[in-house]
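Derivation of every value follows stated rules applied to the coordinates shown; laboratory data play no part. This is a predicted model, so every value here is computed, not measured. Cβ: placed from backbone, ideal geometry, glycine included. Neighbour counts: every protein chain shown.
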Amino acid sequence: MTDHFSFTLKATDGRARSGVIRTPRGEIRTPAFMPVGTAATVKAMLPESVRDTGADILLGNTYHLMLRPGAERVQRLGGLHKFMNWDRPILTDSGGFQVMSLGPLRRLTEEGVTFASHIDGSKHHLTPERSMEIQRLLGSDIVMAFDECPALPATEDDVAKSMRLSMRWAERSRDAFGDRPGHALFGIMQGGVTRALREESASALTAIGFDGYAIGGLAVGEGQAAMFGVLDYATDFLPADKPRYLMGVGKPDDMVGAVQRGVDMMDCVLPSRSGRTGQAWTRRGQVNIKNARHQDDPRPLDADCTCPACRCYSRAYLHHVFRAGEMISGMLLTWHNLQYYQDLMAELREAIARGRLDARVAGFHALRAEGDIPAL
């Protein structure tokens with residue numbers, strides 16, 4: 001263990017990287033997928049079950065936790081790790097994305113954002129300084145700078161104004177974060193899909209100096225081709241000796257493409273959200289367990305998966321409990337999806353270490369192209 005935060009690059013294959021982030025609470029193997037624990041829980045999962053899938057780190061949500069149960073309450077109860085029974089690293093987002101999504105419920109100024117809670121309508125004021133304070137109270141290991149993320153499509157002028165505001169907020173976040181040994185602060189690159197704006201943002205962030213760098217403002221409606229187009233150059237604007245985090249991504253093919261382009265960390269609610277709606281992600285693509293074709297099928301969801309849903313239950317059972325509205329349906333499918341995401345990350349790490357990423361990616365796409373196993 002260490003009392004410092006550090007990142008070590010262990011192998012590269014093309015632009016893809018594998019490495020390890022060291023924190024006082026444990027190591028994070030990269031490329032890493034971070035399950036999202038929005039309100040101090042990964043929905044439908046026990047923390048120890050999330051750990052069993054291979055997750056090294058979770059993501060918590062500043063916006064939701066500041067509203068309920070409140071950052072000060074979490075601190076009084078021993079911090080977020082103790083509160084949710086997760087002793088591994090936690091990354092907290094800044095709250096900026098959620099506030100952006102409130103639309104007419106928010107008012108943006110140079111100082112920060114005033115908004116009405118979606119829970120009870122109460123008024124709140126979030127600034128870079130308050131975001132840093134909330135994340136300190138929560139006790140997260142990796143803290144995100146406060147930013148503003150415009151929804152795409154947007155005009156280039158609007159994206160540029162938003163990005164420059166985020167860079168001013170990034171500097172205020174850095175100042176407010178201060179010196180916290182063992183904790184890290186990540187800056188967030190913005191700039192939409194415009195190369196010059198992305199480069200300007202990266203230059204501003206590296207001049208300020210952060211422990212890691214996120215790529216924000218993607219997976220917000222621009223489409224995969226546009227996202228990959230940005231990643232084709234954006235990761236090269238960031239320091240090679242620091243972790244690179246693509247925020248809010250994504251689907252398995254999004255993640256594979258991001259890793260190929262030099263991304264080290266990702267997060268998304270998709271595995272748990274899909275699980276609760278009867279969608280499973282497998283090596284052969286997406287499976288809709290609601291479909292009647294599964295109702296008499298004794299085979300596992302994915303014969304190569306080691307999760308409880310695949311080891312212990314049939315497609316017929318998973319179909320039945322979903323149709324019956326039983327809670328175990330969301331639990332089992334979420335566990336499976338998270339297991340698949342972590343298995344995919346492990347396979348990518350191994351392929352990069354062996355210099356075999358191209359072959360692994362080709363196999364990934366070939367199996368998905370074949371589609372799900374035929375119905376009985």
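Annotation: Cα Rg of segment 63-116 relative to the compact-globule expectation 2.2 N^0.38 Å equals 1.36.
Put simply, the amide H of T30, placed in the peptide plane, has neighbours under 5 Å in G19, V20, I21, leaving out anything fewer than 5 places away on its chain. When the Gaussian network model of the chain links Cα atoms closer than 10 Å, the mean-square fluctuations of I119, I21, I215 top out at I119. Summarising the label geometry, the points placed 7 Å from Cα in the beta-carbon direction at R51 and A207 lie 4.4 nm from one another. Its alpha carbons give the chain an Rg and a Dmax of 20.5, 62 Å. Multiplying the residue separation of V269 and D179 by 0.36 nm and subtracting their alpha-carbon distance yields 29.3 nm. Taking 7 Å steps out from each Cα toward its Cβ at T114 and N288 produces label points 4.6 nm apart.
Rank L238, L59, L67 by mean-square fluctuation in a GNM of the chain with C-alpha springs under 10 angstrom and give only the top-ranked residue. The residue that fluctuates most here is L67.
Just so you know, the Cα atoms of segment 147-226 work out to an Rg and Dmax of 12.9, 40 Å.
Taking 24 Å as the limit for the C-alpha separation, the pairs K10/K242; K43/K242; K43/K290; K82/K123; K43/K82 exceed it in the case of K43/K242; K82/K123.
Here is the list for segment 66-121: GluC sites (Glu not before Pro) lying in DSSP coil, each with at most 13 other C-beta atoms within 10 angstrom of its C-beta, are E110, E111. Using the Cβ-Cβ distance between A324 and A196 with R0 set to 51 Å, the FRET efficiency works out to roughly 0.40.
Note on the chain: GNM, Cα springs under 10 Å; of L246, L205, L105, the largest mean-square fluctuation is that of L105.
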